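Report on the structure given below.
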Amino acid sequence: MEAEHGDVWEALRPLCARVMSVPAETVVPHARLVADLGADSLDITELEVASEEMFGVSLRGTDKSGVSTVGDVADLIVRLRAGAPGLHSPVGR
Amino acid sequence: MTGRPAVAVTGLGVRCAAGSTPDELWDSLLHGRSAVSLHSFDAEGTVVHPASAMRGFDAAGYLAPKEVRRTDRSVQLAVCAALDAVTDAGGLHVPSGRRAVVTGTGYGGVISQENGIGQPDVLYAPRLMNNAGAYWITAKLDVTGPSLTVSTACSSGTHAVGEALQMIRSGCADVVVAGGHDSPLTPTTALAFGRAGAMVTSRAEPASASRPFDAERQGFVLAEGAAFLVLERLDLARARGARVYATLTGYGRTSDAYHLTAPHPDGAGARACMEQALADAGTTADAVTHVNAHGTGTELNDLAEARAISALFGPRRVPVTAPKAVTGHGLGLAGALEAVVTALSVREGIAPPTAHLTRLDPRCELDVVVGEPRKIPDGPVISNSFAFGGHNACVVLDSPHL
């Protein structure tokens, strides 16, 4: 799980920097997507689409109510890759 | 006279190879300093060099890094030129709801479109849509009145300026930021115009490849850029002590309904369009001091336009200039860029020369200004655009009489 998390983080960090057009050094685990990195709805959508390609998981349709920071996104991706049950909401979009 | 409000040109902004400010553009025109270069293709048909590109363009300071990612180059050029025009005007001095935006573009975000074919990202649609420029300008300038985009190929920029005039006359806005933009220097676009025979694809001296009305012309040369004007109710401009470059007094638009890409050879639609614009301005052909021609350097355009001008004004009776010899042809940009040039002509009392005109096509019975700039008296000046699709648009600018 730890190694997995490290791999995800290595790829997620430059992705977030690119999508939100912010310096990579500001993308730290506790950075909040909206409040700290200035993400808006287009950024979130772009991040979801890119994550599907990069990590092979679908963030769309998952419950993201607890997701606030970049670290939360990394955790969610790791859990989804591990096939954790109950994460997929019944409502897609 | 009608009771409709008079309209002033109070701000100008440009971004193109011939100048990143109106002053630079004007200087290029007065000195016949060509910004034109040719597309070159390798054996596979790939573009090695794009024509008349604006080198060193950077939208920093106008668009944040995230906004740059969300915009096509064409829109980046537009936002810079529009904000420059507003700065030049001394800002916008009416409430948000009385501000409007009209943009003209032929190709929208064609660079983004071609890059994303088969692999669109989340931002694909908002990057390539023709009205993207209008959105970004409204957002940057807090414009909550009307905004729209017109797309009439090479007449787009002139239609944008004319529609802006109508907005102010109709009372739905007091200030309109109006202009045109295009950045069509992609391999596919260039190949298309080259294969169609409209664009020059090789010439010994590329800088003089754009030769409107010259007997040795071979076609137009593509260019990119943006040009915007701030149009304002004249009484409001006077009240705030704004500098008035010119008044915008007339607008004409007609359609050839003749051919997909060729103008009607006798120039009937073009002539009717000029007549309509002059009538709208409340003036007549014999009062016109100067014609800023569409003058693309294609044989079909030059002959039809020359016939229309000499039929309306009389052979060789009015000084004509064709800025595309220096600027190249920026499609949706062109009419707006030439409206800027026309406003400067009115303000300075000067018709810039047409560069590279060494031997006037004898079939063009025109007094084309060549060599040195020529002084023109105060009075109405007309700017022409005649597009693929047979869309004709003309605007008339005049001296701002006190």
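The values are calculated or read from the model by the stated rules, or taken from the named source; none is laboratory data. Keep in mind that what you see is a predicted model, and the values were worked out from it rather than measured. Methodologically, a virtual Cβ is constructed for each residue, glycine included, from the backbone with ideal geometry; neighbour enumeration extends over all protein chains shown. To get the accessible areas, we keep the full protein, side chains included, count just its heavy atoms, and leave off ligands, DNA and RNA. Shrake-Rupley method; radii C 1.70, N 1.55, O 1.52, S 1.80 Å.
Coupling constants for region B:185-196 follow from the phi torsions by the Karplus curve (6.51 cos²θ - 1.76 cosθ + 1.60, θ = phi - 60°), and in residue order they are 8, 8, x, 5, 5, 5, 4, 4, 5, x, 5, 6 Hz; glycine and proline get x. Of B:GLY252, B:GLY116, B:GLY335, which is the most mobile in a GNM of chain B whose springs link Cα atoms less than 10 angstrom apart? Among B:GLY252, B:GLY116, B:GLY335, the largest mean-square fluctuation in the Gaussian network model of chain B belongs to B:GLY116. May I ask you to compute the full-extension gain from B:SER96 to B:ALA287, defined as 0.36 nm times their residue separation minus their alpha-carbon distance, rounded to one decimal in nm? Using 0.36 nm per residue and subtracting the Cα-Cα distance, I get 65.0 nm.
Can you give the helix-only mean residue ellipticity at 222 nm for chain B, where every DSSP H stretch with n ≥ 4 adds -39500 (n - 2.57) and the sum goes over all residues, rounded to the nearest 500 deg cm²/dmol? Intermediate values should be presented prior to the final figure.
Numbers: 13 runs with 129 residues, N = 402.
It comes out at -9500 deg cm²/dmol, rounded to the nearest 500.
Taking every DSSP beta bridge with both residues inside the protein assembly as shown, roughly what % is antiparallel (nearest 5)?
On the way: 42 of 61 bridges.
Restricted to the protein assembly as shown, the bridges split so that about 70 percent are antiparallel.
In a reduced charge model with +1 at each Lys and Arg Cβ and -1 at each Asp and Glu Cβ, chain B shows a dipole moment near 520 debye about its Cα centre.
Spatial offset of region A:9-32 relative to region B:325-388 amounts to 51 Å, using the alpha carbon center of each. Evaluating 6.51 cos²θ - 1.76 cosθ + 1.60 at θ = phi - 60° for every residue in region B:340-355, the Karplus couplings come out as 4, 4, 5, 4, 5, 4, 5, 5, 8, x, 9, 9, x, x, 8, 5 Hz, glycine and proline recorded as x. For chain B, the solvent-accessible area of protein heavy atoms averages 36 Å² per residue (probe radius 1.4 Å; ligands and nucleic acids excluded).
With the Cα gyration tensor of region B:255-370 giving a ≥ b ≥ c as the square roots of its eigenvalues, does the rule (a/c under 1.5 for rounded; else a/b larger than b/c for prolate; else oblate) give rounded, prolate or oblate? Mind dumping the intermediate values first?
Values: a/c = 1.24, a/b = 1.08, b/c = 1.15.
It comes out rounded by the Cα gyration axes.
Buried on complex formation within region A:40-83 (loss of at least 10 square angstrom of accessible surface versus the isolated chain, 1.4 Å probe, ligands and nucleic acids ignored): A:ASP40, A:LEU42, A:ASP43, A:THR45, A:GLU46, A:VAL49. The H on the amide N of B:HIS329, modeled in the peptide plane, is under 5 Å from the matching H of B:VAL221, B:LEU222, B:ALA223, each at least 5 residues off or on a different chain.
Around the amide H of B:GLY19, modelled in the peptide plane, lies no amide H under 5 Å away from a residue 5 or more places distant or on another chain. The Cα atoms of chain B define a convex hull whose projected area, averaged across directions, is 18.1 nm². Sequence-ordered 3J(HN,Hα) estimates for region B:3-9 from the Karplus curve with 6.51, -1.76 and 1.60 and θ = phi - 60° stand at x, 6, x, 6, 10, 10, 9 Hz, glycine and proline given as x. Compute the angle between helix A:41-55 and the longest alpha-carbon principal axis of chain A, please, reported from 0 to 90 degrees and rounded to the nearest 10. The helix A:41-55 is inclined about 60 degrees to chain A.
Ligands, DNA and RNA left out, the accessible area of chain B computed with a 1.4 Å probe is 53% carbon and sulfur.
Close amide-amide hydrogen proximity is noted between B:VAL320 and B:VAL291, B:ASP367, B:VAL368, B:VAL369, each under 5 Å apart and 5 or more residues distant or on a separate chain (H modeled in the peptide plane; Pro and chain starts excluded). Select from B:ASP42, B:ASP367, B:ASP182 the residue whose mean-square fluctuation is largest in a Gaussian network model of chain B (Cα-Cα springs shorter than 10 Å). So, out of B:ASP42, B:ASP367, B:ASP182, the one fluctuating most is B:ASP42. With Cα atoms defining each centre, region B:127-201 and region A:41-67 are spaced 35 Å apart in the structure.
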